[in-house]
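Inspection log for the structure reproduced underneath, given as structure tokens.
The values are calculated or read from the model by the stated rules, or taken from the named source; none is laboratory data. Since we're looking at a predicted model, the values are computed, not measured. So basically every Cβ, Gly included, is an ideal-geometry build from the backbone, and we count neighbours across all protein chains shown.
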Amino acid sequence: MEIKEKLLEIVNSNYRVPLVFYQLENLIITMLEDYAKQQGKKFLVTNQDSRKLYDGMLEDGIDNLNEKIAVDIKIFRRPSMLLHRVYDTVGRYSMKGPDFDTLLLIVANDVPPSILSRIEEEKENIKFDLIIWDINKLEDIFKQNEDLFNDLYSNLDTNLLKNTVNQALETSSDDVLRKREEHLKKLKIEYDKENLVLFLGAGASYDAKIATWDTLITDLLIELIDKELAENDIQMEDRYKEIIATELSKQNGASPLLQTRFIRTGMSKNFGELVRKILYKNSLNSSELLNQLGQLCIPSRGKVGVQAIVNYNFDDLIEKTLAALDIRYRSIYDEGMIPNSSELGIYHVHGFLPQETGDYDNLENTLLVFSEEGYHKLVLESYNWANITQINFLITHTCVFIGLSLTDPNLRRLLEIVAQKNINSDEQPKHYAILRRSTFANYQNIESIRSFEKVNQSLQEAYYRELGLNIIWVDDFKEIPNILKSIKS
């Protein structure tokens, strides 16, 4: 296979766009470094967290050009997007004010002569010189060190990993903050475009003292044990019930789904009421985070604001928050339920247990995931209303994940499905997840641990990028309300 064929094979592979982009970008950068070195020159690679728009700089030029050249690598699967992207790229550099003499735009595909001629016509309106290298020019350059190219081509994943690690080690705390600010700017743009959907997990209700999943399971186990023993005239102190609950969870393989199946079988009559009682027993009904989520949902200047909320929680705290702010909403917890145009839909895709049931109809059997069978139904039935709802939002909107650890297998599966649907799209990840960074605060003076933190964070970002997610890191969940304020302001 010729070099051009190999490059096109990467571009058009069945991998997701972010992975293809980084694989090919890494290959091109390494080959350019070698090409410049052969001429006694240096190609300075831009750190991915830098403010610079370009991928690298040829300070002393290349070939017969002895001037400062910025290099920007573009990868397109759809030729129809090429001209638009070129104009967009040139426009961004012009607005920012170039710190170079020439922009070298590398396009890892064929560029039709008609497009090249149209770009030539526009050159006189640009503040800097513009050169375009297409895949044919890349092939000519790469032939000069075909052994290196073949080695890189044969080890795309290995070299990408090495590059990710090396870039991570060069990342500073300022770079991390800068990337976060860029993500927040893009989120604000999407919010102003009325394109945001919120995905809420347990963390969204945590400060309002809603029972966590672990607490819920433990308390239900204790209730079950107490009921069974009482029927046999055996009274047991609470401390012993706790011990038994802990041991039972171990015997069940520490599987929450297996535990809930066990509990539901033993307490079928009043199961929903018991879960509701435990869920809300310490609830404060409000928190700073919930209040800011509510503020984000307030329409401003005639706009809709947030388009919808996908809620993984059973509780109705977000409903209470919206009601206090006079925001019209509709809780969706079963197939066929649809909000009208003036209502914000709150989609309880794992089930719904409001504190007061009088305002809601048909709440029976809405605890979708509170059993192994229910959860498997979600996983196995791709056309389940809850799955279809999430997939539609992930395809059509920008989604922000708040209070979710992203460990739920079904959620990851849905992200995979959407990423595969976008396989021929040139779009970069458009969704955002707010996650707490793993830190070793007591060991920050140990260089190897600091380095591990950087690499671990970078590898996590690379993994989630393949699922279509950008990560907004926080050191403390208490930062999230201010993040939401910045999106709204």
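If you go through region 316-362 and pick out every residue that is aliphatic (A, V, I, L, M), part of a loop (DSSP other than H, G, I, E, B) and either within 20 Å of LEU279 (Cα to Cα) or free of Cβ contacts under 8 Å to residues at least 24 places away in the same chain (or both), you end up with 4.
Checking the conditions here, which among ASN442, ASN470, ASN424 is more than 16 Å from the chain's Cα centre (by Cα) and either at pLDDT 85 or above or not in a helix (DSSP H, G or I) (or both)? Of the residues listed, the single one that is more than 16 Å from the chain's Cα centre (by Cα) and either at pLDDT 85 or above or not in a helix (DSSP H, G or I) (or both) is ASN424.
Considered as a group, the residues in region 134-171 that are free of Cβ contacts under 8 Å to residues at least 40 places away in the same chain and not in a helix (DSSP H, G or I) include one that is surrounded by the most Cβ atoms within 10 Å (Cβ to Cβ), and that residue is ASP134. Looking only at residues of region 191-218 that are charged (D, E, K, R) and at pLDDT 80 or above, we find that the one that is nearest to GLN355 (Cα to Cα) is LYS209.
It is to be established whether one or more residues within region 71-84 are at pLDDT 85 or above, of a type outside the set (D, E, K, R) and outside any loop (DSSP other than H, G, I, E, B). The answer is yes, given that some residue of region 71-84 is at pLDDT 85 or above, of a type outside the set (D, E, K, R) and outside any loop (DSSP other than H, G, I, E, B). Condition first: under 27 Å from SER300 (Cα atoms), out of contact with any Asp or Glu (no Cβ under 7 Å at 6 or more places or on another chain) and of a type in the set (S, T, N, Q). Now tell me which residues in region 193-243 satisfy that. Once the filter is applied, which keeps residues that are under 27 Å from SER300 (Cα atoms), out of contact with any Asp or Glu (no Cβ under 7 Å at 6 or more places or on another chain) and of a type in the set (S, T, N, Q), region 193-243 yields only ASN195. Are any of the residues in region 107-130 in a helix (DSSP H, G or I) and of a type in the set (Val, Ile, Thr)? Yes, the conditions are met somewhere in region 107-130.
Taking region 108-151 as the range and being of a type outside the set (S, T, N, Q), modelled with pLDDT under 90 and either under 19 Å from VAL11 (Cα atoms) or not assigned by the TED database to the domain that holds GLY61 (or both) as the test, the residues that pass are ALA108, ASP110, VAL111, PRO112.
Does any residue of region 236-244 turn out to be without any contact (Cβ under 8 Å) to a residue 40 or more places away in the chain and of a type in the set (Lys, Arg)? Yes, the conditions are met somewhere in region 236-244. Of everything in region 289-312 that is of a type in the set (S, T, N, Q), at pLDDT 95 or above and not in a helix (DSSP H, G or I), the residue that is nearest to LYS277 (Cα to Cα) is ASN311.
Every residue, every condition in (1) buried (at least 20 other Cβ atoms within 10 Å of the Cβ); (2) on the phi > 0 side of the Ramachandran plot; (3) touching a Leu at 6+ places or on another chain (Cβ under 6 Å), yes or no:
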| site | (1), (2), (3) |
| --- | --- |
| THR46 | no, no, no |
| TYR54 | yes, no, no |
| LEU58 | yes, no, no |
| ASN66 | no, no, no |
| VAL71 | yes, no, yes |
| GLY91 | no, no, no |
| PRO98 | no, no, no |
| ASP101 | no, no, no |
| LEU104 | yes, no, no |
